[in-house]
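What follows is a short report on a single structure.
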Amino acid sequence: MATHGIRDKVAIVGMGCTPFAEHWTKSAEDLLVDANVEALASAGIAQDDVDAYWLGTLASGNSGQLLSKALKLNYKPVTRVENFCATGSEAFRNACYAVASGAVDVAMAIGVEKLKDSGYSGLVSGTFPNDGTIPGLTAPASFGLLAPAYANAYGLDDDDLKDVITRIAWKNHHNGARNPRAQFQKEISLEAIRKSPKVSGMLGVMDCSGVSDGSAAAIVVRAEDAHRYTDKPLYVKALSMVAGPGDGPMDPTFDYTSIREVVECARNAYREAGVDNPRAELALAEVHDCFTPTELVLMEDLGFSERGKGWRDVLDGTFDLDGELPVNPDGGLKSFGHPIGASGLRMLFECWLQLRGEAPPERQIASIASGDRKLGLTHNLGGRPGDCVSFISVVGAEASE
Ligand code: COA
């Protein structure tokens, strides 16, 4: 048995993404309509041209009817999917496989979440049913464990590590300040981030992603049909998904310096995509920066930095907008918040803009503009360190010969 992947078999030909914000005056249905309308327009197609839909939402609806009612679909298949915080990516993965199988010609992946009026906060622990072995920690408490573990493992003191995670938040807000669709569109000084009120352990408010509402959508067709819809399709190179055994919190060897699910997921993604050296080959990476230490550990788990050297790369600006490999050029979860069903597709939307050369000039990545790099990566994580699902896509502006 083996996973073969569907490299260059399907392509994205249209995308839409609402602003991520506190949308007090819009329902989940309204947001779905907005993302859908923009995606259809960018592919130059009508609603009836879409054969099937995959809807990602964690808690804003229970079935495909959320979408079929909102879009007034005419008895079309709509599958609602959910996979923790990787829900939007899961909708995309399934839509791609449906097209690759030949079952449908045109599929839409669309994700949505309305969090603000639900009262959702990262400071409240989830109550998912479990067998009693899962610690009842909040999300900031769970991901916050990565920070002291990393510092201890690589000989940084708490102050040094605080500098590193502070710079990650600073970078992502710097990028988000250049993005009119982001929830938080202003730069935040290193000092303000460092001094932000404590939330958990070393994490302050500014080390956390925010809470927002939003929706994003992608239209997928077979690669050979892509140029009927757009001159600049994005080809899907890899779709990698791993669900871990959830034994981290019980395993004495699990030391919170690495997320195994991500390591396995990345290995598979790079194999599917034919990527040997992600740091040298990718033009951008959109990663799951739910909390600042998560992004630090991801730099090593995704193979962008050597083990124990990620902190140095962060301080050196390797992942800045003008660095060697820009990470979260759109501002990330840090600037967008995390409306769960939409985030994975929002990450793809940045690849869509960047790789087509359509990002605003102040955000357009130089290695793409010069034609040197043509691949983007998205990474979406659901759950907590040691007990999670991980998803990675690699997309590219050119199909292989
Ligand atoms: N980053 C940057 N700015 C933030 C922010 C964040 N994470 N959270 C809030 N703000 C800003 C708001 O814009 C607001 O600014 P303003 O006064 O200029 O309008 C101010 O801080 C207060 O906002 P408020 O909504 O009252 O914040 P809060 O105290 O209710 O929420 C957190 C702060 C950290 C609790 C919340 O953002 C949170 O729960 N984040 C984590 C979400 C999470 O766990 N997701 C799961 C990931 S796995």
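The values are calculated or read from the model by the stated rules, or taken from the named source; none is laboratory data. This structure is a prediction, so every number in the text was calculated from the model and none was measured. In this analysis, Cβ positions are derived from the backbone assuming ideal geometry, glycine residues included, and neighbour counts consider all displayed protein chains. Surface areas here come from the heavy atoms of the whole protein model, side chains and all, with no ligands, DNA or RNA. Shrake-Rupley method; radii C 1.70, N 1.55, O 1.52, S 1.80 Å.
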Residues that are of a type in the set (Gly, Ala, Ser) and either at negative phi or in a helix (DSSP H, G or I) (or both): does region 312-320 have at least one? no
I'd like to verify a number: residues in region 289-314 that are within 16 Å of the ligand (Cβ to nearest atom) and more than 18 Å from Gly144 (Cα to Cα), how many? 0
Anything in region 371-398 that is closer than 10 Å to Glu261 by Cβ and not charged (D, E, K, R)? List them, or say none. Leu381, Gly382, Gly383, Pro385, Gly386, Cys388, Val389, Ser390, Phe391
Identify the residue in region 134-164 that is aliphatic (A, V, I, L, M) and within 14 Å of the ligand (Cβ to nearest atom) and, among all such residues, is least open to solvent (accessible area, probe 1.4 Å). Leu146
Within region 276-297, identify whether any single residue is in contact with a Pro (Cβ under 9 Å, 6 or more places away or on another chain), crowded, with 24+ Cβ neighbours inside 10 Å and either of a type in the set (D, E, K, R) or at positive phi (or both), and answer yes or no. yes
Here's a check for you: in region 62-88, which residue that is under 21 Å from the mean Cα position of the chain (by Cα) and more than 16 Å from the ligand (Cβ to nearest atom) is least open to solvent (accessible area, probe 1.4 Å)? Val81
Residue count, region 181-196, condition more than 11 Å from Ser335 (Cβ to Cβ) and not polar (S, T, N, Q), comes to 6
Selection over region 15-31 where residues are of a type outside the set (S, T, N, Q), under 18 Å from the mean Cα position of the chain (by Cα) and surrounded by 24 or more Cβ atoms within 10 Å (Cβ to Cβ) yields a count of 4
Please pick out the residue among Ala91, Ala46 that is on the phi < 0 side of the Ramachandran plot and surrounded by fewer than 17 Cβ atoms within 10 Å (Cβ to Cβ). Ala46
Does region 278-286 include one or more residues that are free of Cβ contacts under 8 Å to residues at least 60 places away in the same chain, among the basic types (Lys, Arg) and either part of a loop (DSSP other than H, G, I, E, B) or outside the structural domain of Leu58 (by TED's automatic domain parsing) (or both)? yes
Do you know which residues across region 320-336 are of a type in the set (A, V, I, L, M, F, W, C) and either more than 16 Å from the ligand (Cβ to nearest atom) or surrounded by fewer than 24 Cβ atoms within 10 Å (Cβ to Cβ) (or both)? Leu321, Leu325, Val327
Out of curiosity, is Asp51 out of contact with any helix residue (DSSP H, G or I) (no Cβ under 8 Å at 6 or more places or on another chain) and either of a type in the set (Asp, Glu) or closer than 22 Å to His227 by Cβ (or both)? yes
Would you be able to tell me the number of residues in region 165-187 that are away from the ligand (no atom under 11 Å from the Cβ) and part of a loop (DSSP other than H, G, I, E, B)? 6
Filter region 205-220 down to residues that are touching a Ser or Thr at 6+ places or on another chain (Cβ under 6 Å) and within 9 Å of the ligand (Cβ to nearest atom) and give me whichever is farthest from Ala11 (Cα to Cα). Val205
Look through Val220, Val199 and report the one residue that is part of a strand (DSSP E or B), modelled with pLDDT of 95 or more and farther than 19 Å from Ala109 by Cα. Val199
Filtering region 337-359 down to residues that are within 13 Å of the ligand (Cβ to nearest atom) and out of contact with any strand residue (DSSP E or B) (no Cβ under 6 Å at 6 or more places or on another chain), which residue is farthest from Gly56 (Cα to Cα)? Gly337
Could you tell me whether any residue of region 112-119 is charged (D, E, K, R), open to solvent by less than 60 Å² (accessible area, probe 1.4 Å) and touching a Phe, Trp or Tyr at 6+ places or on another chain (Cβ under 8 Å)? yes
